[in-house]
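Student: Have a look at this one before I ask anything.
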Protein chains: 2
Amino acid sequence: MEIFFATTNLGKLGEATKILKEIGIKVKHFPFVYNEIRSDSIEEVARDAVKFAYKRLKEPVFVEDTGLFIEKWNGFPGTYSAVMLKKLGNEGIIKLMEGEPNRAALFDTCIAYHDTNGTTVAHGKCYGRISESIRGKSGFGFDSIFIPDGGEQTFAESIELKNKLSHRYKSLLEFSKSLKLRR
Amino acid sequence: MEIFFATTNLGKLGEATKILKEIGIKVKHFPFVYNEIRSDSIEEVARDAVKFAYKRLKEPVFVEDTGLFIEKWNGFPGTYSAVMLKKLGNEGIIKLMEGEPNRAALFDTCIAYHDTNGTTVAHGKCYGRISESIRGKSGFGFDSIFIPDGGEQTFAESIELKNKLSHRYKSLLEFSKSLKLRR
């Protein structure tokens, strides 16, 4: 089975390709440039994006929106994670969290899939905390400052852990189950 | 002369009403809920918004987009100023700037006006710096952490100064001149 992933993020593409391959789904890349809506909900962003992608591609396609939600800062950067990463980098987040006892954070992913039957969504969450410093070289985005609950390493220090535990992995798993139900 | 201002920000409405009244223009409020595009350019955001407002209202109308651009953080929060103010508040900006020698910042406003002749834009800039702490009670938004060049007080400590010096004042002045040329 083959399916399109509409994204410009090669980090996301690599992870999804690897994870879905293990369950027999081949990911094809649809390089997709699109102006995301402003919303605090990753599901709203993903639902809007996938409709736009389907309109262009006219083939079954999914998109993925991920946000890092920091409790202390009211869910910042949330749905603005990609643009805030560009402006502030991991350095900016570490600075915002300096001396902060409440370091709780959530990585939240929503996959939206669209075909002739309409849109379905799948979610994946990973709770954790913001590290005290930038650590590790693997992964991408905020991986080097996020420690999942129960762990001591950041996602960027243990990519194997990430691929078996992450918000993205969980959402892709839920997504693949829903695909099997539909087909 | 009467003209609509499409906004949900009552702080902006109050300032524009006061400033334009002094030059003989009466501002009417169009409470306008609209999903802004994501862009790093306040002019792009304003141009898109005013077209949408005009389509709804079908009367000559202007919108205003303002961003605070901090040099150290690559123009953060910029066009995301309103949403970042909600998440981080002035407190978050002060924290990001702790111990930072480069405190340069720019308040940039773009007014976009649309009538049967199409869209025109007016700009207003105010250069300054981020204060070391939150100071003053007047104004709104980031006024209590912004000190204009040549001054020692934040905009929130001296609203009279703000109304004669600010990005918003300058953009409204340029806007009113362009209106006179058009009519």
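The values are calculated or read from the model by the stated rules, or taken from the named source; none is laboratory data. Only a predicted model underlies this, so the values are computations on that prediction, with no experimental measurement involved. Using ideal geometry, Cβ is built from the backbone for each residue, glycine included, and neighbour counts are taken over all protein chains shown.
Student: Please enumerate the residues belonging to region A:76-104 that are small (Gly, Ala, Ser) and either surrounded by fewer than 17 Cβ atoms within 10 Å (Cβ to Cβ) or out of contact with any Gly (no Cβ under 6 Å at 6 or more places or on another chain) (or both).
Tutor: Those that are small (Gly, Ala, Ser) and either surrounded by fewer than 17 Cβ atoms within 10 Å (Cβ to Cβ) or out of contact with any Gly (no Cβ under 6 Å at 6 or more places or on another chain) (or both): A:ALA82, A:GLY89, A:GLY92, A:GLY99, A:ALA104.
Student: Separate question: Among the residues of region A:1-14, write down those that are in a strand (DSSP E or B) and either among the hydroxyl-bearing types (Ser, Thr, Tyr) or over 16 Å from A:ALA53 (Cα atoms) (or both).
Tutor: A:GLU2, A:THR7
Student: Checking the structure you have, find out if any residue of region A:89-104 is touching a Phe, Trp or Tyr at 6+ places or on another chain (Cβ under 6 Å) and over 20 Å from B:THR79 (Cα atoms).
Tutor: So far as region A:89-104 goes, no, none of its residues is touching a Phe, Trp or Tyr at 6+ places or on another chain (Cβ under 6 Å) and over 20 Å from B:THR79 (Cα atoms).
Student: With (1) within 14 Å of chain A (Cβ to nearest Cβ); (2) in contact (Cβ under 8 Å) with a residue 60 or more places away in the chain; (3) assigned to a helix (DSSP H, G or I) as the list, and B:ASP48 as the residue in question, which single condition is left unmet?
Tutor: Status for B:ASP48: all satisfied but (2).
Student: Right, something else. Evaluate region B:3-17: report whether one residue or more is modelled with pLDDT of 95 or more and of a type in the set (D, E, K, R).
Tutor: Scanning region B:3-17, I find no residue that is modelled with pLDDT of 95 or more and of a type in the set (D, E, K, R), so the answer is no.
Student: Moving on to the next point. Got at least one residue in region A:121-137 being among the small types (Gly, Ala, Ser), within 22 Å of A:GLU59 (Cα to Cα) and either part of a loop (DSSP other than H, G, I, E, B) or in contact with a His (Cβ under 7 Å, 6 or more places away or on another chain) (or both)?
Tutor: no
Student: Within region A:49-85, count every residue that is within 22 Å of B:GLY92 (Cα to Cα) and modelled with pLDDT under 95.
Tutor: 2
Student: Considering only residues that are within 11 Å of another protein chain (Cβ to nearest Cβ) and among the hydroxyl-bearing types (Ser, Thr, Tyr), which ones fall in region B:71-123?
Tutor: B:THR79, B:TYR80
Student: Another one. Given the conditions (1) assigned to a loop (DSSP other than H, G, I, E, B); (2) more than 14 Å from every other protein chain (Cβ to nearest Cβ), report the number of the one that A:GLU36 does not fulfil.
Tutor: Only one criterion is unmet by A:GLU36, namely (2).
Student: Part of a strand (DSSP E or B) and more than 15 Å from the chain's Cα centre (by Cα) - does that describe any residue in region B:94-114?
Tutor: yes
Student: Residue check: is B:ILE111 closer than 24 Å to B:PHE30 by Cβ and either at pLDDT 90 or above or not charged (D, E, K, R) (or both)?
Tutor: Here the answer is yes, as B:ILE111 does meet what is asked.
Student: Here's another thing I want to ask about it. Which members of region A:110-140 meet the condition of being over 21 Å from A:ASP65 (Cβ atoms) and either free of Cβ contacts under 8 Å to residues at least 12 places away in the same chain or of a type in the set (Val, Ile, Thr) (or both)?
Tutor: A:THR116, A:ILE134
Student: Does region B:53-64 contain any residue that is of a type in the set (Lys, Arg), crowded, with 17+ Cβ neighbours inside 10 Å, in a helix (DSSP H, G or I) and on the phi < 0 side of the Ramachandran plot?
Tutor: No - not one qualifying residue is present in region B:53-64.
Student: Quick check on region B:124-136: of everything there that is more than 14 Å from every other protein chain (Cβ to nearest Cβ) and out of contact with any Ser or Thr (no Cβ under 7 Å at 6 or more places or on another chain), which residue is farthest from A:ILE93 (Cα to Cα)?
Tutor: Only one residue fits best here, namely B:LYS125.
Student: Here is a follow-up. Being outside any loop (DSSP other than H, G, I, E, B), surrounded by 13 or more Cβ atoms within 10 Å (Cβ to Cβ) and not charged (D, E, K, R) is the filter here; which residues of region B:15-33 pass it?
Tutor: B:ALA16, B:THR17, B:ILE19, B:LEU20, B:VAL27, B:HIS29, B:PHE30
Student: Looking at region B:74-91, can you tell me whether even one residue there is in contact (Cβ under 8 Å) with a residue 12 or more places away in the chain, of a type in the set (D, E, K, R), assigned to a helix (DSSP H, G or I) and farther than 22 Å from B:SER166 by Cβ?
Tutor: yes
Student: Return yes or no: is B:SER144 more than 22 Å from B:LEU20 (Cβ to Cβ) and assigned to a helix (DSSP H, G or I)?
Tutor: yes
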